[in-house]
1. Cross-link partners among lysines for K258, C-alpha distance below 27 Å, same-chain residues fewer than 8 apart left out?
2. Tell me the carbon and sulfur percent of the accessible area for segment 51-187, rounded to whole percent, probe radius 1.4 Å.
3. So what's the convex hull volume per residue for the Cα atoms of segment 237-285, in Å³?
4. Roughly how many nanometres apart are two label points built 7 Å out from the Cα toward the Cβ at A235 and T72?
5. What are the extents of the Cα atoms of segment 216-341 along their three principal axes, listed from largest to smallest and rounded to whole Å?
6. Whole-Hz ³J(HN,Hα) for each residue in segment 118-130, computed from phi via Karplus 6.51 cos²θ - 1.76 cosθ + 1.60 with θ = phi - 60°, x for glycine and proline: what do you get?
7. Mind checking which of G120, F17, P57 is farthest towards the positive end of the chain's charge dipole, using Cβ charges of +1 (Lys, Arg) and -1 (Asp, Glu) about the Cα centre?
8. If you stretched the chain out fully between K46 and E339, how much longer would it get, using 0.36 nm times the residue separation minus the C-alpha to C-alpha distance?
Amino acid sequence: MKIVYSDKHAAHDPQTFFVRGVNRPAAEQPERAERLLGAATEAGHKVVAPRGHGSAPAATIHTPEYLDFLQTAARDWAQLANASAEVLPNVHPSRYPATYPKILVGRAGWHQTDLACPIGPGTWDAALAASEVAATTADLVLEGAREAYALCRPPGHHAYADMAGGFCYLNNTAIAAQRLRSKHQRVAILDVDVHHGNGTQGIFYERADVLTVSIHADPVFFYPYVWGYAHERGAGAGLGANLNIPLPKGTGDDDYIKALADAEKTIRAFAPGALVVALGLDASERDPLAGLAVTTEGFRRIGAAIARLGLPTVLVQEGGYLSDILGANLTAALGGFEEAR
Ligand SMILES: [Zn+2]
């Protein structure tokens, strides 16, 4: 299948990732995309460049203040006395009624929900390119391709309309889904990343036209901890259009496939015109984040099961961290998908 890819992702090379208060090397490294690209190319998929959409696709999902913040934060942060190399918040104001701050340190707190989304000098360019990759991939499907894959980096599914988090800045999956809405009345999103797609859920929570389904490691023990529970079903017009399937630590292929069958049932009942798959590969048994235990063969089965939904499909790369089988897991998922079409 066609793969949309931009090498601009490499401009984003985060140096900060706090785990239990300790600053550790960031898991979301440029090498991830290089390995995924290498594996996909070797498997015979055709790589194409994104179209120059600029920030228009991102603006269909994200607020103007947030886009302005992402675009200017690193530059303005560098002017502050004794500032770190990357923008990181030291206030966390989001849970109670509050006033949008003018000063950059306050805006960082407003727009960055955790310490896993540092903003460096190249973050905006990379995130913008990833959003163009997602939009272009959606365009290919709108123009008649049955499926296409967006090799996005940085990932996007933890990003809300006005908030970065968990290695994510612009929600590529949501941007692709919104683009598909130009042609399809109803669009479904299936998130198979090991983490709950909290940003995507938040963006569409009150909407009836976009179904959000996420299968993930249970937030009782795994990031994002405060979202991703089964009782979160949507609100207002969107009540019933959100499904969370949390899984116990170490869940393997067979139980994963059973959960996926429940997801498929919900998607079929919604009768969408098109599908976006938030294709994280971090449910792998060898992923360093160690939440679930899906094998490479399991990813092939997951790809095949999703393909059998028979929908025009945009596959968007989300998480999946460095291991010796990262590339193999991608080619298994894409291969399983193509074989079942
Ligand atoms: Zn993830």
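The values are calculated or read from the model by the stated rules, or taken from the named source; none is laboratory data. Computed from a predicted structure; not experimentally measured. Positions of Cβ are generated from backbone atoms using ideal geometry, with glycine treated the same way; all protein chains shown enter the neighbour counts. The protein model used for the area step is the full one, side chains on, heavy atoms only, and it has no ligands, DNA or RNA in it. Shrake-Rupley method; radii C 1.70, N 1.55, O 1.52, S 1.80 Å.
1. K249
2. Numbers: 2880 of 5500 Å².
Of all accessible area on segment 51-187, carbon and sulfur atoms account for 52 percent.
3. Details: hull volume 4.9 nm³, N = 49.
Given the Cα convex hull of segment 237-285, per-residue volume reads 100 Å³.
4. 3.0
5. 44, 36, 23
6. x, 10, x, x, x, 5, 4, 4, 5, 5, 4, 4, 5
7. After comparing all options, I get P57.
8. Numbers: separation 293, 0.36 × 293 = 105.48 nm, distance 1.65 nm.
Working it through step by step, the gained length comes to 103.8 nm.
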